[in-house]
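Read the figures in this text as sums done on the coordinates, not as results from a lab. Small disclaimer: the values here were computed from a predicted structure and weren't measured. Please note: Cβ atoms are built from the backbone with ideal geometry, for glycine as well, and neighbour counts cover all protein chains shown.
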Amino acid sequence: MNGDEAILFAVGNTLVCDDLDEAKALSWTGERFRVVTVDGILLTKAGTMTGGTSGGMEARSKQWDDKKIEGLKKKKEQLESELEELGSIREMHLKESEASGKMSGLEKKIQYAEIEKKSIEDKLASLKKEKRVIKEEIDRINPELCKLKETVEKRATEIGKLEKRINDIVDRIYRKFSQDVGVENIREYEENHVKAAQHMAEERLSLSNQLAKLKYQYVIFSPATIFYLYLCLVECFPFLLV
């Protein structure tokens, strides 16, 4: 038996592949073959895989370079930090309970606000209705008010004319009297007379008050002194003798 025959006897119909993926494709898909990789991994038609060297594992381990490992470490630290921020389950329950309480309070406030809103809306609707009624009443009264104003103005004009006629008649009647007393018309005389009468009344009241004070002071002043004061008052105000 020569060398070729010996190799053929040893390997038979076994196929040789460069990598494991190619060996799997040939051995386990479609028409199955007995396949061996250059690393020595044997894949049988039955689906078993045996043998091989550490070279394949070393090749696969090279896929995890330092950058990927460092990135995974950072990712791990980030996740741990986020987990720490979330806190324990008990703290989360407490926060959830607090949030639930706040939410319940806000819901009650919303309910009260809705009730108040409904009340305000009802009042607003009532006020709008009242405003509409008042406006209708104003619109109804305005024409009558305009008529009344016209009537009042007309009556005022007529009254003014009548007063002027009356004053003219009175002036003609008291013309001579007005000339004698030195006034323009009887109305001026009456106005002056009223003022004089008011002034006289005020003077009488003032003197009466002074006399009352003198009576209370009688115990201090002698009768002669009081009589002298009385004469002085009469001399200043002769109308006291009236």
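Computed quantities for the displayed model
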{"item": "Computed label-point distance, nm, for sites LYS149 and GLU130 using a 7 Å Cα→Cβ extension", "result": "2.7"}
{"item": "Extent along principal axes [Cα atoms of the range 101-164; Å; largest to smallest]", "result": "87, 20, 8"}
{"item": "Whichever lysines have a C-alpha closer than 30 Å to that of LYS154, once near sequence neighbours (fewer than 8 apart) are set aside", "result": "LYS135, LYS164"}
{"item": "Gain on full stretching of the segment that runs from ALA99 to PHE33 - 0.36 nm per residue minus C-alpha separation", "result": "17.2 nm"}
{"item": "Full-extension gain in nm, LYS74 to ILE110, via 0.36 nm per residue minus C-alpha separation", "result": "8.4 nm"}
